[in-house]
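First comes the structure, then the notes that go with it.
The values are calculated or read from the model by the stated rules, or taken from the named source; none is laboratory data. Here the structure is a predicted model, which means the values were calculated and not measured. Here the Cβ is made from the backbone with ideal geometry for all residues, glycine too, and neighbour counts use every protein chain on show.
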Amino acid sequence: MHSYLDFETSIAELEGKIAELKALAGGSVPISDEVKGLEKKAAKSLADLYVNLSPWQKAQVARHPDRPHTIDYLQGLITEFSPLSGDRKFGNDQAIIGGLGRFRDSPVMAIGLEKGHDTQSRLKHNFGMARPEGYRKAVRLMELADRFGLPVVSFIDTAGAYPGIEAEERGQAEAIARSTDCCLGLGVPLVAVIIGEGGSGGAIALAAANSVLMLEHAIYSVISPEGAASILWHDAGRAKDAASAMRITAQDLKRLGIIDDIVPEPVGGAHRGPSETVAATGDAIARALNSLRELAPDALRAHRRDKFLAIGSSLPG
Amino acid sequence: MNWIKNFVRPKIRGLLGAKREVPENMWIKDPETGQMVFYRDLEANQFVVPGSGYHMRMAPDIRLKSMFDDATYQTITLPQVAVDPLKFRDERRYLDRLKESKQKTGQDDAVLAGSGTLDGLQVVIAVQDFAFMGGSLGMAAGEAIIVAMRTAVQKRCPFVLFASSGGARMQEGILSLMQMPRTTLGVRELRAAGLPYVVVLTHPTTGGVTASYAMLGDIHIAEPGALIGFAGPRVIEQTLGVKLPEGFQRAEYLEEHGMVDMVVHRHQLRGTLSRILRILTKEPPLPPLEKAEDSGDKSEEPAALAPAETD
């Protein structure tokens, strides 16, 4: 059973009815024409709905509790995974996880922001909001990868870096800045995938990459729609308007030249087909890594530099 | 289009004869103590409130004049960028907000940069203007920072940044977020060229600016009492539902927590910068006579503080 989003009530009703009819008929009876008809109708409504998702609806899909998270991508794509812990300075922030492994047989360093999937794991991962030690761990892992010539793959899924007293105390801003700086200086390929929410500085710290991929219904923005609404409209309830105005969808960001590729999601969103989503993401990562394979360390740095410096230069206005 | 391509922009100030917000014969209120100060007294004291020592904001051209020898510098021509590419509108149109800030400050955007000499040493200095949409970092400001840093690289001289910003300019959406890695690339170019990069953090500096180039300096200097942080205090209070401790995220707090090298009173700032930059560039020390001029705490030469002439 899915958790349905607000705008999915018609789908929820149809699918509820189908489940009910199936239960009434019992397992032995062949599925009636009525059920088949309903299933067809539900599939069509779902497809229609998801083709035309508004930016705010996408934000909700991107935050769907059943959406595959970094842990699912690590499990699905990385073999022989050896998690690595700690920043060697202060602690081990579980909002950022990472480690050594093999991606389609080739050694890589995989790093990602993890939100957690139930109360206990959400608390453990601090809802995917990293503290300075998280970013410093990421830097440590990226530098390790650089030293041993391993490509880095990062998975981005965060509402933003943690805005807390102790995070400030330990230099949240500096930690983010150094992490972005580290990304830009890597002599190995860096591929970033925005899998859910790409929230502000907390996201860019791991996404200043040679190739930035984004899932079809993921969002990537300078501030959350709620945050922008409360600052610019003085009303957090205007998040829907903020989501539209800021251009946070993969489709808009591809047009603006911010991301390189969009990874398609199954009809109804990644949460309706997690393994399919993870596999499609794997294919996109493989393509991106393959295109960077021939580049020497300096060429990789130049590639990243030119890519980011070019952003905005071809916009009209 | 090549981003390096420079366009000479109309001198809005010249055309409109725009005036600074504060008439010179006005009384200014110290935001902390409520003390009233005569504008001219404030100006003569580098905008530090004489009694309380509160460091008021300084207009970017006045700041540049206060740093360069003989209050003279060459303005660095900043490139034109796409204006309002998202056609953004919140309660008001972004274009209207921009227009208003331009009129209010007489500047094209939130960064002003100049090159000149500081105690004879060639330097490039960029200043962020909080009065221009909270000093927010958008495409224009990001490009300005990069161009100023590259000017320092071309001139093979140190780069000094006076930071002041509420963070990213939300009206430019993701394009403002992209200025974080873009400006970081500028820092990397300074580093690769072996040139000193000194950040002076002024009140207030938060958000995407601290989380990128403003926290990547070789040396971090903060002005007394300046608010410096990643998340603004209001965001933290709202998120956590707590009252923040006194002095939280202030310059002195950051020094205590290892994020800035020193907190320097504005009267000593020029001398401090001069001393540090001369050491980093292996220049000989200034002769004692000139040095004495800068070490006095209240007697910065008034020539450097004369009212800004509009250019």
| field | Selection status of B:Arg191, out of contact with any Phe, Trp or Tyr (no Cβ under 8 Å at 6 or more places or on another chain) and either modelled with pLDDT under 95 or surrounded by fewer than 24 Cβ atoms within 10 Å (Cβ to Cβ) (or both) | value | no
| message | Can you list residue pairs whose Cβ atoms sit under 8 Å apart, with the first residue in region A:260-271 being of a type in the set (Asp, Glu) and the second being modelled with pLDDT of 95 or more and in a loop (DSSP other than H, G, I, E, B)? Count only pairs 6 or more apart in sequence or on different chains. | response | A:Glu265/A:Glu216; A:Glu265/A:His217; A:Glu265/A:Gly273
| In this structure, is B:Gly229 more than 7 Å from chain A (Cβ to nearest Cβ), modelled with pLDDT of 95 or more and crowded, with 18+ Cβ neighbours inside 10 Å? | no
| query | From the list B:Leu240, B:Leu244, which one is surrounded by fewer than 16 Cβ atoms within 10 Å (Cβ to Cβ), within 22 Å of A:His234 (Cα to Cα), aliphatic (A, V, I, L, M) and facing another protein chain (nearest Cβ under 8 Å)? | reply | B:Leu240
| Could you give every pair whose Cβ atoms fall below 7 Å, whose first residue belongs to region B:274-289 and is under 16 Å from B:Val199 (Cα atoms) and in the same structural domain as B:Gly194 (by TED's automatic domain parsing), and whose second residue is surrounded by fewer than 16 Cβ atoms within 10 Å (Cβ to Cβ) and of a type outside the set (D, E, K, R), counting only separations of at least 6 or pairs across chains? | B:Arg278/B:Pro285
| Residues of region A:226-237 satisfying the condition of being outside any loop (DSSP other than H, G, I, E, B) and either hydroxyl-bearing (Ser, Thr, Tyr) or surrounded by fewer than 20 Cβ atoms within 10 Å (Cβ to Cβ) (or both) | A:Glu226, A:Ser230, A:Ile231, A:Trp233, A:Ala236, A:Gly237
| request: Assess whether B:Arg182 counts as being at pLDDT 95 or above, in contact with a Phe, Trp or Tyr (Cβ under 6 Å, 6 or more places away or on another chain) and within 12 Å of chain A (Cβ to nearest Cβ). | output: yes
| query | Looking only at region A:196-210, which residues are in contact with a Pro (Cβ under 8 Å, 6 or more places away or on another chain) and more than 9 Å from every other protein chain (Cβ to nearest Cβ)? | reply | A:Asn210
| field | A:Ala175 within 10 Å of chain B (Cβ to nearest Cβ), out of contact with any Gly (no Cβ under 7 Å at 6 or more places or on another chain) and small (Gly, Ala, Ser) | value | yes
| said: Would you confirm, using the coordinates I've provided, whether A:Glu166 is more than 7 Å from chain B (Cβ to nearest Cβ) and in contact with a Pro (Cβ under 6 Å, 6 or more places away or on another chain)? | reply: no
| said: I'm trying to understand the selection: among the residues of region A:275-291, which are under 23 Å from A:Thr70 (Cα atoms) and in contact (Cβ under 8 Å) with a residue 24 or more places away in the chain? | reply: A:Ser275, A:Thr277, A:Val278, A:Ala279, A:Thr281, A:Gly282, A:Ala284, A:Ile285, A:Ala286, A:Arg287, A:Ala288, A:Leu289
| said: Quick check on region A:274-292. Is at least one of its residues surrounded by fewer than 19 Cβ atoms within 10 Å (Cβ to Cβ), assigned to a loop (DSSP other than H, G, I, E, B) and assigned by TED's automatic domain parsing to the domain that holds A:Leu213? | reply: no
| Only one of B:Ala141, B:Ala131 is of a type in the set (Gly, Ala, Ser), closer than 17 Å to B:Thr202 by Cα, modelled with pLDDT of 95 or more and in a loop (DSSP other than H, G, I, E, B); which? | B:Ala131
| request: Of the conditions (1) more than 8 Å from chain A (Cβ to nearest Cβ); (2) outside any strand (DSSP E or B); (3) not basic (Lys, Arg), B:Leu201 clears all except one; give me its number. | output: (2)
| Where residues in region A:298-311 are in contact (Cβ under 8 Å) with a residue 24 or more places away in the chain and in contact with a helix residue (DSSP H, G or I) (Cβ under 8 Å, 6 or more places away or on another chain), which of them is nearest to A:Ser106 (Cα to Cα)? | A:Leu300
| field | Yes/no for A:Lys115 being in contact with a His (Cβ under 7 Å, 6 or more places away or on another chain), crowded, with 21+ Cβ neighbours inside 10 Å, in contact (Cβ under 8 Å) with a residue 24 or more places away in the chain and away from chain B (no Cβ under 14 Å) | value | yes
